[in-house]
Amino acid sequence: MIFPLLALLAVGVTVGRVFITIILSIVTGWLLGYLALRNRAFENVYISVSEVLESVPVISFFPVVLIFFVTDIGGFLGTELAVIFLVFTAVVWNIWMGIYQAFKTVPENLNEVAENMRLGFLGKMSKLYIPFSIPRIAANLIPSFADAMFYITVSEVFSVGNSNYAVFGIGSLISRLTTSGLYNQALYALGILAVVVVFITVALREFASFSVQRYGLDTESSNMAVRRGRFRVRYSAKISNAIAPVAKLARYVTRSKPIPADIDEDEERVRHWGNLGKIIAVLFLIGISYSVFTVVKSVPPETWNSLVSSTPYDLVLIGIDYLRVGIIAVISLIIAIFVGYWLSIHERTERVIIPVIQTLASFPAPAYFPLLYGATYPVLRSFLGGFTNEFYVLLLGFISTFYYVFYSYWMGIKNMPKEYWEVMDNLNLTFWQRLRRVVIPSAMPYIVAGLTSTVNSAWGGLAIGEYWPDIYDGRTLQVHQGLMKELALADSQGNLALVGWLSILFAIVVVIYSLFFTRKLMDLARQKYVAEEGIYAA
């Protein structure tokens with residue numbers, strides 16, 4: 001087969017896997033997000049589990065992959081399902097969190113309209129929740145695609161100990177070419193991948209723009225918007241992300257005399273969705289318990305005693321990595337706040353810079369990072385000395401995750417009502433006043449969703465960067481201490497017991513983090529920073 005055709009086919013297969021998982025993520029996210037709204041217990045489980053699994057690096061899923069897919073199913077089908085599962089773990093979490101966060105920030109006014117119209121599950125989803133979530137989904141499509149492409153070299157060809165697994169795709173093709181020393185063909189394949197990535201990024205960006213125009217807070221410039229000094233919702237705004245279908249219903253509902261709800265029927269619906277949520281949670285726990293039991297059964301008791309005794313040191317390693325993640329998140333947030341706002345008010349520059357950032361974010365960093373490392377290492381080594389490797393690990397974590405909060409915050413600004421901009425102009429607010437009093441509070445739900453994904457996804461960059469043998473010219477990129485380094489070493493040695501134990505400890509810490517930090521931020525965004533409510537306040 002002609003090599004360009006082979007490379008193009010490999011890219012097509014990889015992209016097909018990515019979009020299959022994206023579609024599955026969206027459909028399941030709608031269902032799970034609605035279940036989380038209807039049942040508080042399920043919501044707690046759902047958020048905690050999502051936070052844990054989003055933070056757990058892909059390599060930590062290898063034991064589960066080996067047990068369920070490679071060992072139990074086996075053959076080509078088992079390996080293919082394993083790869084799709086690994087890609088799924090790379091793209092699903094931020095889409096789920098974006099949908100959940102969108103569902104949580106539906107304005108109470110619209111919820112009241114839906115209740116008064118006695119809409120059922122399908123009615124609420126099709127007329128309110130799904131339209132409301134489309135801009136958030138659109139905001140996460142490019143980051144999800146970028147995250148999936150970031151992990152292609154890990155997902156399509158992976159190894160645990162001495163066992164190697166691979167399926168056909170651009171990730172496995174590039175890995176095979178570089179291993180064979182065919183660097184020119186590898187660069188040619190990367191060029192074909194770059195063209196496809198640019199095309200897909202532009203298409204996703206157009207969809208994002210369409211979603212904001214169709215379902216966003218963007219207001220029309222009609223003179224009917226203001227009449228006799230009074231702001232009129234009916235003529236001026238597509239209230240919230242879902243106003244198009246719901247606002248029409250709202251006109252026929254008298255808010256001062258809401259239709260009384262049938263309490264017994266409502267309680268029955270709540271119990272129904274609550275029971276379904278419990279069933280899903282139980283099935284999930286059964287699956288996790290099976291994998292844990294299989295690993296535990298295969299490990300001698302003395303090994304577990306050794307693992308448990310090392311817990312204090314392992315917690316220190318988790319703390320060190322959380323410090324790295326914190327540095328990456330803070331830098332990403334600062335850049336997002338200032339650059340995102342500056343681009344939003346300079347449309348000509350925005351039309352150039354945003355596509356460039358989106359394209360670079362979608363291009364897999366592990367594919368070009370070794371070349372970047374080789375080109376810059378001598379210079380940076382002379383300046384940074386012993387901190388050089390630490391810098392490269394932080395750099396890889398940054399370029400693999402900064403776009404989450406940046407793009408989400410930028411979309412939040414673009415989704416602000418035009419009236420907010422007019423108010424800022426009329427009051428002659430300074431740059432800092434605009435950011436502090438209007439822009440950041442209005443975009444807070446988007447910031448929370450983007451920052452959550454940034455924090456949780458930064459672990460992927462650390463997992464690859466903290467221990468990268470033979471990254472360039474025989475050099476090994478590694479840090480002195482870190483949880484992700486220990487996981488990578490354990491994985492390369494086939495020590496599934498250590499991988500499982502470190503993953504369990506990590507999961508416990510992430511659950512605590514999600515309950516006491518992420519959940520609080522989302523509740524705060526819901527209670528105080530829903531820009532859509534400002535329309536009604538006006």
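The values are calculated or read from the model by the stated rules, or taken from the named source; none is laboratory data. These numbers come from a predicted model, not from an experiment. Cβ atoms come from the backbone with ideal geometry, glycine included; neighbour counts cover every protein chain shown. Please note that ligands, DNA and RNA were not included when accessible areas were found on the heavy atoms of the full protein model with its side chains. Shrake-Rupley method; radii C 1.70, N 1.55, O 1.52, S 1.80 Å.
A compact table of results
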{"read-out": "Qualifying residue in the range 108-128 (condition: at pLDDT 80 or above, crowded, with 24+ Cβ neighbours inside 10 Å, of a type outside the set (D, E) and within 30 Å of A203 (Cβ to Cβ))", "value": "yes"}
{"read-out": "One residue from R230, R205 being at pLDDT below 75 and basic (K, R)", "value": "R230"}
{"read-out": "Filter pass, G494 being part of a loop (DSSP other than H, G, I, E, B) and modelled with pLDDT under 80", "value": "yes"}
{"read-out": "Helices (runs of 4 or more DSSP H) fully within the range 40-106 counting 3 or more residues that are open to solvent by less than 20 Å² (accessible area, probe 1.4 Å) and modelled with pLDDT of 75 or more", "value": "40-55, 75-104"}
{"read-out": "Residue match in the range 358-381 (condition: farther than 30 Å from N184 by Cβ and open to solvent by less than 20 Å² (accessible area, probe 1.4 Å))", "value": "no"}
{"read-out": "Selection count, the range 1-29, where residues are surrounded by fewer than 19 Cβ atoms within 10 Å (Cβ to Cβ) and assigned to a helix (DSSP H, G or I)", "value": "15"}
{"read-out": "Residues that are more than 14 Å from S453 (Cβ to Cβ) and either crowded, with 24+ Cβ neighbours inside 10 Å or free of Cβ contacts under 8 Å to residues at least 60 places away in the same chain (or both), drawn from the range 396-409", "value": "L396"}
{"read-out": "Hey, A139 more than 17 Å from V27 (Cβ to Cβ), within 26 Å of the chain's Cα centre (by Cα) and buried (at least 22 other Cβ atoms within 10 Å of the Cβ) or not", "value": "yes"}
{"read-out": "Residue count, the range 171-200 (criterion: at pLDDT below 75 and assigned to a helix (DSSP H, G or I))", "value": "4"}
{"read-out": "Hey, R351 basic (K, R) and at pLDDT below 85 or not", "value": "yes"}
{"read-out": "Verdict on L462 being of a type outside the set (V, I, T) and surrounded by fewer than 18 Cβ atoms within 10 Å (Cβ to Cβ)", "value": "no"}
{"read-out": "Residue in the range 430-438 that is of a type in the set (F, W, Y) and either touching a helix residue (DSSP H, G or I) at 6+ places or on another chain (Cβ under 7 Å) or crowded, with 24+ Cβ neighbours inside 10 Å (or both) present", "value": "no"}
{"read-out": "Scan of the range 344-356 for residues that are surrounded by 14 or more Cβ atoms within 10 Å (Cβ to Cβ) and over 15 Å from A443 (Cα atoms), ordered by number", "value": "E350, I353, I354, P355"}
{"read-out": "In the range 472-485, the residues that are surrounded by fewer than 21 Cβ atoms within 10 Å (Cβ to Cβ) and either out of contact with any Lys or Arg (no Cβ under 8 Å at 6 or more places or on another chain) or of a type in the set (K, R) (or both)", "value": "Y472, D473, G474, R475, T476, H480, Q481"}
